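A.B. asks: Take this structure first; my questions come after.
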Amino acid sequence: MSKRVADMTYTINYITIRTFIFIILGFLFAGQASIAAGKTAMPDTVYRRNPGMRTPKGPYRPERPKKNDLIYTRLDVSFDWVRQQVPASAIIKFKPHFYPQNTIELDAKSFDIKGVVLLDTLSNLGNASSRDIARKTIKKLEYTYNKRKLTVKLDRSYTRKDTVCIKIEYIAKPNEVKGNAQNGHSEKGLYFINADGMDEGKPKQIWTQGETEGSSCWFPTIDAPNQKFTQDFYITVDSTYKTLSNGLLISQEKDEKGFRTDHWKQSLPHAPYLAMMAVGDFAVARDMMPNGLELSYYVEPKYGADAHAIFGRTPEMIGFFSNVFGVDYPWEKYAQIAVRDFVAGAMENTTATVHEEGVQNDTRSLVDGNSDAVIAHELAHHWFGDYVTAEEWGQLPLNESFANYAEYLWSEYNNGRDEADWGNLQEMKQYLAESETKKVPMIRYFYKDAEDMFDSHSYAKGGRILYMLRAYTGEEAFYAALKSYLKSHAFGTAEIDDLRMAFEKVTGEDLNWFFDQWFHRPGHPVLAVNQEYSFATNKVSLKIRQTQDTLATTVYRLPLKVDIWIAGKKTRHDLLIDKASHTFEFPAAQKPDLILVDAEAQLLGSIEHEKDKKEMLFQYLHADRFLPKYEALAQLEGKLADSTVRNVLVQAMNDPFWKLRQMAISNFAEYDGEGFAAIEKIIQSRARIDEHPQVRAEAIITLASYGDNNSDLIFRESLADTSYQVVSVALDKYLLGQANDVNEVAARFENSPNDAIVTSVANYYAGLAQPDRFEWFLEKMKRMKPTEKYNFLQVFGKYLIKSKQDIQRKSIPILEGMARNNPAYFVRFGAFQALGLLTDIPGVAALRKDIRSKETEPKLKEMYSQFGEL
């Protein structure tokens, strides 16, 4: 499952639900100044819990005991849209795992069970008709059911040599599934979207989400990741709808009543949480791999022409991952589908990934950034997670760390190492922010709820650990070990020691030290570095101390490389840090220009190494990796009075990598010192000709900070930019200026298909606070995607503050409805914030208190509790 957050710029291009909590609160307090490093409108990771708060450890969580092994499941389902229920039958084939069994216990949440019968085992259940199945009924079986567990009493005791087949008639009622009593978490498993069709402009859809235990909300199963089965799903729908499920579409049969039954067959085994269905009106685009593997992309009809632009790199990704993982894509097909109101960023259901609606963009929007990261993430799961599955949720990094690192691998291959390293830095920041208040091992045998595992440890930290492992073992050994691991556990399950042994087998080296310190212990190393040069001995000494709490975590064993520049010449040294304190000495004919610890920028941790301005200038000019260059520019911020610094930053505005150009430009915001005229011209040039839209947008923001009229023409020219992001920034600046045609320009863009541009227009209209714009705000907000809707709510709040009370009062029931009922919890939070601007109106404070008290989403409840009355 995706936990990916894209680089935050003027608007959110792509964001997942699970990670929104890490950045949403930053927007509340940061405001918008710049989109450069450290000045984003939504900082990368700013969410904090109470200082000193310790995450409860929770009980021991073993792998689910296997009394019976699932072999096969056949489902025949239809849908009651009015009641939002699923009348269905399930045929389950299983066998005792080792010990004889006379019962089978199945997870089945909030069903109406109509009956259970024993079947004579059919040779081909997938193609059997209802009449064939009826003829094979042996007898009714007794059962007990408590709305969560269905225990079926078998007719006799069976051994592991026997195969048993039962059929269950039932009605699934996903809306009646009760939440987890420990943390309020609820998994409906199956979701009806706009079931009554009353939400204008919103499609009617059905989709499922199984991870972690949602599949048992719509079919009876053993809902544990250590079970594997094949399946046939027969899905009956109105013939106007399309369906998608795991495996291949075998047949479609229409009846005389206007319904159609689609038969989807998956012949390779997978875990229950990866089973899926989706129903709705979709446009479908297709690709074909050279080996005949079919790829399909399901999008809403209005995005049909853009489907290949959205997903079109998938064939190359499959070829790339098949090559680097050493195992061909192992499944029968690959489909991707975008749905409304999805409860996760994306989900790697076997052969059929589900994406949230934000992945859908028109082709022009993709100029500002695509969703390749999340597409690569979910695709990589088809090896790490689907093909080889973590045996228990505490082993989740075996799934998510690899999917996270696959994002890096694809970016490195497709976009270059600098782009991949920039993404890697964001992952590091995400983990380090979480680690301030949450210190847990990567592999967890104790936790309160499986949802606790879906954090920046399992994702961001895990990806960085694999990055270090690759650096340590070398490319060839790293990929050989991955191949060995995948082939040894194909269509099965694994735990962390299986991965360790695969690497030990390939490298011939005991790697327990690596896996122990990184996967089994919490925390990360913090290195304090001090350097001294002795003219008497012509040596430089480097003292490195591990200053992390070594009682809470460990003293790390860290193989690092150190680069030392003397008289402009670089020498690389290998270091092994395995004590709390080390002192290393190196010959040096003169004082070094620069010492760079962790020269490969691969360490997951913090390095505190004080350097002066001269060293930082040298570091930017001579380091060959993105991270030290980035750190140097960040340290040089605010030092423009120094002509040498200023000259280097001017030079950096032409750096080959866009992020460093962007950072350099942002340093000149509000600058009015020496050489201003020449610097302004360079930034104007960047605004016009830079190849990257974020650099052009940054240049526009920086030019606007000068307050002169020298760049008004550029702002207007930029309204025709190919990038929506650039247009939205230029529009924001242009509309807040003094041009005579601002009203005409606003009217020209107020119906743009891009929400960021509409938000810029809304920001202008908010300042005018015209009463007749109220309905315009509501109409625009209604059609927006959830992430953009949150941004728009902030601007709507500005409009309300400036409006008269009659407008404010009209907004209260609308905001209340959003704060209580919007499917996206961050939109509910945005509406709650907007209501907070109206507390001078009697009753609003009490209304907000009631909204808070009735919120059930754990993440939002925590946000409310941590920040009080916002």
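A.B. asks: Among Asp574, Asp563, which is in a strand (DSSP E or B), in contact with a Lys or Arg (Cβ under 9 Å, 6 or more places away or on another chain) and surrounded by 12 or more Cβ atoms within 10 Å (Cβ to Cβ)? Reasoning before the result, please.
C.D. replies: Values: Asp574 fails: surrounded by 12 or more Cβ atoms within 10 Å (Cβ to Cβ).
Sole residue among the options that is in a strand (DSSP E or B), in contact with a Lys or Arg (Cβ under 9 Å, 6 or more places away or on another chain) and surrounded by 12 or more Cβ atoms within 10 Å (Cβ to Cβ): Asp563.
A.B. asks: Just one of the numbered conditions (1) under 23 Å from Ile714 (Cβ atoms); (2) in a loop (DSSP other than H, G, I, E, B) is not true of Leu660; which one?
C.D. replies: Of everything listed in (1) under 23 Å from Ile714 (Cβ atoms); (2) in a loop (DSSP other than H, G, I, E, B), Leu660 misses just condition (2).
A.B. asks: Looking for whichever is among the small types (Gly, Ala, Ser) and without any contact (Cβ under 8 Å) to a residue 60 or more places away in the chain here; the options are Ala376, Ala352, Ala335, Ala346. Which one fits? Working first, answer last.
C.D. replies: Working: Ala352 fails: without any contact (Cβ under 8 Å) to a residue 60 or more places away in the chain; Ala335 fails: without any contact (Cβ under 8 Å) to a residue 60 or more places away in the chain; Ala346 fails: without any contact (Cβ under 8 Å) to a residue 60 or more places away in the chain.
On inspection, the qualifying residue turns out to be Ala376.
A.B. asks: Kindly indicate the residue of the range 480-513 that is in a helix (DSSP H, G or I) and of a type in the set (Phe, Trp, Tyr) and also nearest to Val327 (Cα to Cα) among those meeting that condition.
C.D. replies: Residues of the range 480-513 in a helix (DSSP H, G or I): 480-488, 496-507, 512-513.
Add one more test, that the residue is of a type in the set (Phe, Trp, Tyr), and what stays is 485, 503, 513.
On the way: Tyr485: 10, Phe503: 16, Trp513: 28 Å.
Checking each candidate, the answer is Tyr485.
A.B. asks: Here is a further query. Among the residues of the range 815-870, what is the count of those that are of a type outside the set (A, V, I, L, M) and over 24 Å from Phe342 (Cα atoms)? Step through it out loud before you land on a result.
C.D. replies: To start, the set of residues in the range 815-870 that are of a type outside the set (A, V, I, L, M) comprises 816-817, 820-823, 825-826, 828-830, 832-833, 836, 839-840, 842-843, 848-850, 852-859, 861-862, 864-869.
With the extra rule that they be over 24 Å from Phe342 (Cα atoms), the set shrinks to 836, 839-840, 842-843, 848-850, 853, 865-869.
Result for the range 815-870: 14.
A.B. asks: Among the residues of the range 219-265, count how many are of a type in the set (Val, Ile, Thr) and either in contact with a helix residue (DSSP H, G or I) (Cβ under 6 Å, 6 or more places away or on another chain) or assigned to a helix (DSSP H, G or I) (or both). Show your work before the answer.
C.D. replies: Step one: filter the range 219-265 for residues of a type in the set (Val, Ile, Thr), giving 221-222, 230, 235-237, 240, 243, 250, 261.
Filter once more, so that each one left must be either in contact with a helix residue (DSSP H, G or I) (Cβ under 6 Å, 6 or more places away or on another chain) or assigned to a helix (DSSP H, G or I) (or both): 221.
Residues meeting the conditions: 1.
A.B. asks: Something else now. Check Ile465, Ile443 and return the single one that is assigned to a helix (DSSP H, G or I) and either polar (S, T, N, Q) or over 14 Å from the mean Cα position of the chain (by Cα) (or both).
C.D. replies: That would be Ile465, the only listed residue that is assigned to a helix (DSSP H, G or I) and either polar (S, T, N, Q) or over 14 Å from the mean Cα position of the chain (by Cα) (or both).
A.B. asks: Tell me, yes or no, whether the range 287-296 has at least one residue that is in contact with a helix residue (DSSP H, G or I) (Cβ under 6 Å, 6 or more places away or on another chain) and under 17 Å from Ala88 (Cβ atoms).
C.D. replies: No, the range 287-296 contains no residue that is in contact with a helix residue (DSSP H, G or I) (Cβ under 6 Å, 6 or more places away or on another chain) and under 17 Å from Ala88 (Cβ atoms).
A.B. asks: Here are some residues: Ser752, Ser728, Ser718, Ser705. Which one is among the small types (Gly, Ala, Ser) and in contact with an Asp or Glu (Cβ under 6 Å, 6 or more places away or on another chain)?
C.D. replies: On the way: Ser752 fails: in contact with an Asp or Glu (Cβ under 6 Å, 6 or more places away or on another chain); Ser728 fails: in contact with an Asp or Glu (Cβ under 6 Å, 6 or more places away or on another chain); Ser718 fails: in contact with an Asp or Glu (Cβ under 6 Å, 6 or more places away or on another chain).
Testing whether each residue is among the small types (Gly, Ala, Ser) and in contact with an Asp or Glu (Cβ under 6 Å, 6 or more places away or on another chain) leaves just Ser705.
A.B. asks: Something else about it: Please note which strands (runs of 3 or more DSSP E) are completely contained in the range 581-644 and include at least 1 residues that are buried (at least 20 other Cβ atoms within 10 Å of the Cβ). Outline the logic, then answer.
C.D. replies: Numbers: elements: 581-587, 594-597, 606-609.
Hits in the range 581-644: 594-597.
A.B. asks: When Ser760 is evaluated against the numbered criteria (1) more than 29 Å from the chain's Cα centre (by Cα); (2) under 27 Å from Gln805 (Cα atoms), which criterion, by number, is the only one it fails?
C.D. replies: Going through (1) more than 29 Å from the chain's Cα centre (by Cα); (2) under 27 Å from Gln805 (Cα atoms) one by one, Ser760 breaks only (1).
Residue by residue, here is whether (1) in contact (Cβ under 8 Å) with a residue 24 or more places away in the chain; (2) in contact with a Lys or Arg (Cβ under 8 Å, 6 or more places away or on another chain); (3) closer than 19 Å to Lys780 by Cα; (4) surrounded by 19 or more Cβ atoms within 10 Å (Cβ to Cβ) holds:
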{"site": "Gly797", "(1), (2), (3), (4)": "yes, no, yes, yes"}
{"site": "Ile801", "(1), (2), (3), (4)": "yes, no, yes, no"}
{"site": "Ile807", "(1), (2), (3), (4)": "yes, no, yes, no"}
{"site": "Arg820", "(1), (2), (3), (4)": "yes, yes, no, no"}
{"site": "Thr856", "(1), (2), (3), (4)": "yes, no, no, no"}
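A.B. asks: Quick one: would you say Glu788 is within 33 Å of the chain's Cα centre (by Cα) and either touching a residue at least 24 places away in the same chain (Cβ under 8 Å) or not assigned by TED's automatic domain parsing to the domain that holds Asp755 (or both)?
C.D. replies: On the way: within 33 Å of the chain's Cα centre (by Cα): yes; either touching a residue at least 24 places away in the same chain (Cβ under 8 Å) or not assigned by TED's automatic domain parsing to the domain that holds Asp755 (or both): yes.
Yes: the conditions hold for Glu788.
A.B. asks: Suppose we filter Leu244, Leu295 for residues that are surrounded by 23 or more Cβ atoms within 10 Å (Cβ to Cβ), at pLDDT 95 or above, outside the structural domain of Glu451 (by TED's automatic domain parsing) and within 26 Å of the chain's Cα centre (by Cα); which single one remains? Talk me through it step by step, then tell me what you get.
C.D. replies: Details: Leu295 fails: surrounded by 23 or more Cβ atoms within 10 Å (Cβ to Cβ).
Answer to the selection: Leu244.
A.B. asks: Taking helices (runs of 4 or more DSSP H) that fall entirely within the range 666-751, which contain at least 3 residues that are hydroxyl-bearing (Ser, Thr, Tyr)?
C.D. replies: Numbers: elements: 676-689, 693-704, 712-718, 724-735, 742-749.
Result: 724-735.
Yes/no per residue for (1) under 29 Å from Lys439 (Cβ atoms); (2) aromatic (Phe, Trp, Tyr):
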residue: Leu560; (1), (2): yes, no
residue: Pro587; (1), (2): no, no
residue: Leu621; (1), (2): no, no
residue: Phe626; (1), (2): yes, yes
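A.B. asks: Can you pull out the residues in the range 500-531 that are in contact with a strand residue (DSSP E or B) (Cβ under 8 Å, 6 or more places away or on another chain) and surrounded by fewer than 19 Cβ atoms within 10 Å (Cβ to Cβ)?
C.D. replies: Answer for the range 500-531, where residues must be in contact with a strand residue (DSSP E or B) (Cβ under 8 Å, 6 or more places away or on another chain) and surrounded by fewer than 19 Cβ atoms within 10 Å (Cβ to Cβ): Val526, Ala528, Val529, Asn530.
A.B. asks: Within the bounds of the range 205-218, is there any residue that is of a type in the set (Asp, Glu), farther than 27 Å from Leu70 by Cβ and out of contact with any helix residue (DSSP H, G or I) (no Cβ under 6 Å at 6 or more places or on another chain)?
C.D. replies: Restricting attention to the range 205-218, the residues satisfying the condition of being of a type in the set (Asp, Glu) are 211, 213.
Right, trim to farther than 27 Å from Leu70 by Cβ and you get none.
No, that holds for no residue.
A.B. asks: Next question. For residues that are among the aliphatic types (A, V, I, L, M) and at pLDDT 95 or above, scanning just the range 782-814, find the one that is farthest from Met198 (Cα to Cα).
C.D. replies: If we take residues in the range 782-814 being among the aliphatic types (A, V, I, L, M) and at pLDDT 95 or above, then Ile801 is farthest from Met198 (Cα to Cα).
A.B. asks: Restricting the search to the range 371-385, which residues are crowded, with 24+ Cβ neighbours inside 10 Å and either at pLDDT below 95 or of a type in the set (D, E, K, R) (or both)?
C.D. replies: Of everything in the range 371-385, just one residue is crowded, with 24+ Cβ neighbours inside 10 Å and either at pLDDT below 95 or of a type in the set (D, E, K, R) (or both), namely Glu378.
A.B. asks: Specify which of the listed residues (Ala720, Ala699) is touching a helix residue (DSSP H, G or I) at 6+ places or on another chain (Cβ under 9 Å), under 16 Å from Leu660 (Cα atoms) and modelled with pLDDT of 95 or more.
C.D. replies: Ala699
A.B. asks: Just give me the residues in the range 498-515 being of a type in the set (Asp, Glu) and in contact (Cβ under 8 Å) with a residue 12 or more places away in the chain, in sequence order. Full working, then the answer.
C.D. replies: Keep residues of the range 498-515 that are of a type in the set (Asp, Glu), which gives 498, 504, 509-510.
Passing the criteria: only Asp498.
A.B. asks: Considering (1) assigned by TED's automatic domain parsing to the domain that holds Ala88; (2) buried (at least 18 other Cβ atoms within 10 Å of the Cβ); (3) over 24 Å from Phe384 (Cβ atoms), say which one Tyr303 fails and leave the rest.
C.D. replies: Every listed condition holds for Tyr303 apart from (1).
One line per residue, one yes/no per condition, for (1) within 31 Å of the chain's Cα centre (by Cα); (2) among the β-branched types (Val, Ile, Thr):
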{"site": "Ile689", "(1), (2)": "no, yes"}
{"site": "His692", "(1), (2)": "yes, no"}
{"site": "Thr702", "(1), (2)": "yes, yes"}
{"site": "Gly707", "(1), (2)": "no, no"}
{"site": "Arg716", "(1), (2)": "no, no"}
{"site": "Leu719", "(1), (2)": "no, no"}
{"site": "Leu735", "(1), (2)": "no, no"}
{"site": "Gln738", "(1), (2)": "no, no"}
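A.B. asks: Here's a follow-up. Could you tell me which numbered condition Ser123 fails, if it satisfies all but one of (1) surrounded by fewer than 18 Cβ atoms within 10 Å (Cβ to Cβ); (2) touching a strand residue (DSSP E or B) at 6+ places or on another chain (Cβ under 7 Å)?
C.D. replies: Exception for Ser123: condition (2).
A.B. asks: Determine whether Glu585 is touching an Asp or Glu at 6+ places or on another chain (Cβ under 9 Å) and either modelled with pLDDT of 95 or more or farther than 30 Å from Asp386 by Cβ (or both). Steps first, please.
C.D. replies: Numbers: touching an Asp or Glu at 6+ places or on another chain (Cβ under 9 Å): no; either modelled with pLDDT of 95 or more or farther than 30 Å from Asp386 by Cβ (or both): yes.
Judged against the criteria, Glu585 is not a match.
A.B. asks: Also, quick follow-up: Inside the range 822-870, can you point out the residues that are under 29 Å from Glu187 (Cβ atoms) and polar (S, T, N, Q)?
C.D. replies: Hits for the range 822-870 are Asn822, Gln833, Ser853, Thr856, Ser865, Gln866.
A.B. asks: On to the next question. Which residues, taken from the range 80-136, are within 33 Å of the chain's Cα centre (by Cα), among the charged types (D, E, K, R) and part of a loop (DSSP other than H, G, I, E, B)?
C.D. replies: Arg83, Lys109
The values are calculated or read from the model by the stated rules, or taken from the named source; none is laboratory data. Since this is a predicted model, take the numbers as computed values, not measurements. Because the Cβ atoms are built from the backbone with ideal geometry, glycine has one as well, and the counts that use them run over all protein chains shown.
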